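Colleague: For reference, the structure I am asking about is given below.
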Amino acid sequence: MKNESGFLTVRELPAAERPYEKCLQYGAGALSDSELLAVIIRTGTKGERSVDLSRRILLSCDPEARVSAISRVSLEELTRLNGVGSVKAIQIKCAAELGRRIEADDRRKPLDVFNAKSIADHYGFRMKHLDKETVMLLHADAKGRIFAEECLSVGTVNCSLVSPREIFVSALSKRSVYIYLLHNHPSGDPAPSQDDVNVTERVANAGKMLGIKLLDHIIVGSDSYVSLNETGVI
């Protein structure tokens with residue numbers, strides 16, 4: 001069946017393969033990634049069912065069609081796909097953001113700023129899907145409690161720009177005792193570049209002179225992280 005616009009819908013599928021019916025009978029967990037996405041976007045294109053369009057969207061985002069990839073593509077990239085207009089792109093990105101927030105709620109627990117894994121687990125899940133390199137600065141008091149966080153830089157796909165000066169202007173204004181740097185590598189590989197090491201050393205040295213200690217600089221990858229404190233850079 002086609003809707004008024006002529007786009008093919010999931011009703012074109014046999015009843016046993018329709019995502020809505022499958023969800024009602026077996027629960028949402030029984031749906032494949034493309035079927036879940038088909039429910040969200042609702043319609044396909046002329047000559048292409050919503051499930052087929054969803055599968056094509058996932059493949060265009062990632063060669064292995066991993067659903068997590070939709071978090072890393074931008075609205076502009078989605079709308080460049082044939083059959084994906086601004087409405088469908090917004091629906092997809094909002095669904096991805098909802099999933100991110102659900103995961104954030106599940107991960108709420110006390111942070112230990114002296115433990116790299118604690119910080120990486122808390123912030124890494126929301127940074128690993130970003131498609132541009134983003135630098136975050138965390139501010140902690142004398143007891144190691146984080147009381148502020150800010151985004152210092154959003155770079156290109158493989159470069160971020162941040163200077164020690166802006167870090168300590170912010171840290172001094174907030175009366176921070178400790179600071180923490182985090183950034184992501186959109187490539188998925190958290191291995192530090194020489195620039196990463198150089199910036200970390202400059203910030204750590206400046207912090208020693210100002211009495212504001214850089215506790216760590218964590219680089220987030222797709223499934224892992226690197227602590228420049230644990231590797232001996234700091």
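Colleague: Measure nothing but the geometry: give the 0 to 90° angle between the long axis through the Cα atoms of 86-106 and the longest principal axis through the Cα atoms of the chain, rounded to 10°.
Modeller: Its long axis makes an angle of about 50 degrees.
Colleague: Also, I was wondering about something else. So for the chain: antiparallel DSSP bridges make up what percent, rounded to the nearest 5?
Modeller: Rounded to the nearest five, the antiparallel share is 75 percent.
Colleague: Let me ask you something else. For region 110-227, what is the relative contact order in percent, using Cα pairs closer than 8 Å and at least 6 residues apart in sequence?
Modeller: Numbers: 224 pairs, mean separation 34.2, N = 118.
For region 110-227, the relative contact order is 29 percent.
Colleague: Nearest 20 debye, what's the magnitude of the dipole of region 10-105 about its Cα centre given +1 on Lys and Arg Cβ and -1 on Asp and Glu Cβ?
Modeller: It comes to approximately 240 debye.
Colleague: Using a Förster radius of 25 Å, what is the FRET efficiency between residue 175 and residue 205 based on their Cβ-Cβ separation? Nearest 0.05, please.
Modeller: Values: r = 21 Å, r/R0 = 0.83.
It comes out at approximately 0.75.
Colleague: Just want the answer: with Cβ charges of +1 for Lys and Arg and -1 for Asp and Glu, which residue in 85, 41, 26 is farthest toward the dipole's positive end in region 10-105?
Modeller: 85
Colleague: So, one more: Go through 187, 147, 168 and say which Cα lies farthest out towards the positive end of the charge dipole of region 50-203; charges sit on Cβ, +1 for Lys and Arg, -1 for Asp and Glu.
Modeller: Selected residue: 147.
Colleague: Measure nothing fancy, just the Cα-based angle from helix 116-127's long axis to the longest principal axis of the chain, in degrees from 0 to 90, nearest 10.
Modeller: So the helix axis and the longest Cα principal axis differ by about 40 degrees.
Colleague: Here is a further query. Rounded to the nearest 5, what % of DSSP beta bridges with both residues in region 110-227 are antiparallel?
Modeller: Working: 17 of 24 bridges.
Restricted to region 110-227, the bridges split so that about 70 percent are antiparallel.
Colleague: Under the rule a/c < 1.5 gives rounded, and otherwise a/b versus b/c splits prolate from oblate, where does region 10-105 land using the Cα gyration tensor?
Modeller: oblate
Colleague: Still on this structure, please answer the following. Where does the charge balance sit around residue 116 when Lys and Arg score +1, Asp and Glu -1, over other residues with C-beta under 14 Å from its C-beta?
Modeller: Neighbour charge sum, excluding residue 116 itself: -3.
Colleague: Ranked highest first by the average count of other Cβ atoms within 10 Å around their residues, in what order do 76-85, 214-223, 195-204 fall?
Modeller: 214-223, 195-204, 76-85
Colleague: From Cα coordinates alone, what are the radius of gyration and Dmax values for region 75-234 in angstrom?
Modeller: Reported Rg and Dmax, both Å: 16.9, 57.
Colleague: Next question. Can you work out the FRET efficiency for the pair residue 193 and residue 132, with r the C-beta to C-beta distance and R0 = 25 Å, to the nearest 0.05?
Modeller: According to the calculation, E is roughly 0.95.
Colleague: Rounding to the nearest 20 debye, state how big the charge dipole of the chain is about its Cα centre with +1 on each Lys and Arg Cβ and -1 on each Asp and Glu Cβ.
Modeller: 540 debye
Colleague: Over the chain, what is the relative contact order in whole percent, taking alpha-carbon pairs under 8 Å and six or more residues apart?
Modeller: 13 percent
Colleague: Now, a different point. State to the nearest 20 debye the size of the charge dipole of region 110-227 about its Cα centre, where the only charges are +1 on K and R beta carbons and -1 on D and E beta carbons.
Modeller: On the way: 12 positive and 14 negative charges, 100 e Å.
Using Cβ point charges on Lys, Arg, Asp and Glu, region 110-227 gives about 480 debye.
No value in this document is a laboratory result; all are computed from the given coordinates. As the structure is a computational prediction, the values presented were derived from the model and not from experiment. All Cβ positions, even for glycine, are placed from backbone atoms using ideal geometry, and neighbour counts span all protein chains on display.
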